[in-house]
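Please read the structure below before turning to the comments.
The values are calculated or read from the model by the stated rules, or taken from the named source; none is laboratory data. In this text the structure is predicted, and so the values were computed from the model without any measurement. Here the Cβ positions follow ideal geometry from the backbone for every residue, glycine too, while neighbour counts run over all protein chains shown. When the accessible area is computed, the model is the full protein with side chains, heavy atoms only, and any ligands, DNA or RNA have been set aside. Shrake-Rupley method; radii C 1.70, N 1.55, O 1.52, S 1.80 Å.
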Amino acid sequence: MSELSELKTKLAMSSRMLFNAGLVDYSGHISARIPGSDHLVILPHPVSRATVKANDMVITDFEGKLIEGNYRAPSEVNMHARAYKARSDIQSVAHLHNHMVATLSMVDKPFYPASSNPGAFFGPGPLPKYMDPALIHTIEQGDAVAKALGNADAVMLRGHGSMVVAHSIEWVFAGCVDLEEAAARFYKASLLGPVMTYNEDETQRVMKQRRKDSVVQKVWDHNVAKTKLAGLMEGI
């Protein structure tokens, strides 16, 4: 299997897994940088995230222009394209309409992913927030999202959802799962009283335990198994 074919297969798998986890529905998308190029491979616009196949994927450049594929790229492809353009370390990007993160993005309060498993995937301090609630359809908007992201691993999109980035599809997938769980815990804790957020030392120590390839692989393998049990892994 070629490197590009492997990326397409993993994107199809991860899309079905994100659907099974309730993190995407009819919208939302995940992509990967094509190594050694200024191109990315991404889910197409019209195909269901629950049934998308490897050969459905489309390729665009970092200006959002379709290079290869039988379908249109998603309307918010520039969110992905400009993140890759801005940061050479990013190898995969996911855009989610995740309910708990979207809910927290609507409140004028910072969201600290402050719990030892999912919260530890992200760095210290509050998650950055992109404040324009409009859908991201232009290069200029994509650049603004990338600027709001900065050097972080994720950015909240106000009233919209989130964007998660990492150095592999597996790491992005694990980040997506962890971010929504961290948001759910933060929301529930905030109903009980002031949330005890981690200080710098606590954050670094829990991150050291969580941010490991072995942990990410465990999250990936578990969700592969769950999605197979749900009957959603056939015909990738």
Looking at the stretch 83-154, which chymotrypsin sites (Phe, Trp or Tyr not before Pro) are DSSP coil and have at most 12 other C-beta atoms within 10 Å of their C-beta?
none
In the neighbourhood of GLY161 defined by beta carbon distances under 12 Å, the net charge of the other residues (Lys, Arg +1; Asp, Glu -1) is -1
Net charge near GLY69: determine it from the other residues with C-beta under 14 Å of the C-beta of GLY69, scoring Lys and Arg +1 and Asp and Glu -1.
+1
Check: in the chain the Lys pairs 8 or more apart or on separate chains whose Cα atoms fall under 14 Å apart number 7
I need the shape label for the stretch 183-236. Rule: rounded when a/c is under 1.5, else prolate if a/b > b/c, else oblate, with a, b, c from the alpha carbon gyration tensor.
oblate
Probe 1.4 Å, heavy atoms of protein chains only: per residue, the accessible area of the chain in Å² is 47
Okay, helix-only estimate at 222 nm for the chain: each DSSP H run of n ≥ 4 adds -39500 (n - 2.57), divide by all residues, round to 500 deg cm²/dmol; what do you get?
-13500 deg cm²/dmol
Using 7 Å Cα-to-Cβ label points, what is the ASP25/GLN217 separation (nm, one decimal)?
3.6
What is the ratio of the Cα radius of gyration of the stretch 133-236 to 2.2 N^0.38 Å, with N the residue count, to two decimals?
1.28
Can you pull the percent of Cα pairs in the stretch 1-79 with separation above 20 Å?
23
Leaving out ligands, DNA and RNA, what percent of the accessible area of the chain is carbon and sulfur, probe 1.4 Å?
53
Kirkwood Rh, Cα Rg: Rg to Rh for the chain?
0.95
Distance from a point 7 Å along Cα→Cβ of SER48 to each backbone N in the stretch 208-236: keep the residues under 15 Å and list them by number.
230-236
Quick check: from the Cα gyration tensor, does the stretch 92-183 come out rounded (a/c under 1.5), prolate or oblate?
oblate
Starting from the Cα-Cα distance between LEU191 and SER168, subtract it from 0.36 nm times their residue separation and give me the gain in nm to one decimal.
4.8 nm
Can you tell me, using C-alpha contacts under 8 Å and at least 6 residues apart, the relative contact order of the chain as a whole percent?
22
Rg over Rh of the stretch 148-201, using C-alpha atoms and the Kirkwood radius, what does it come to?
1.01
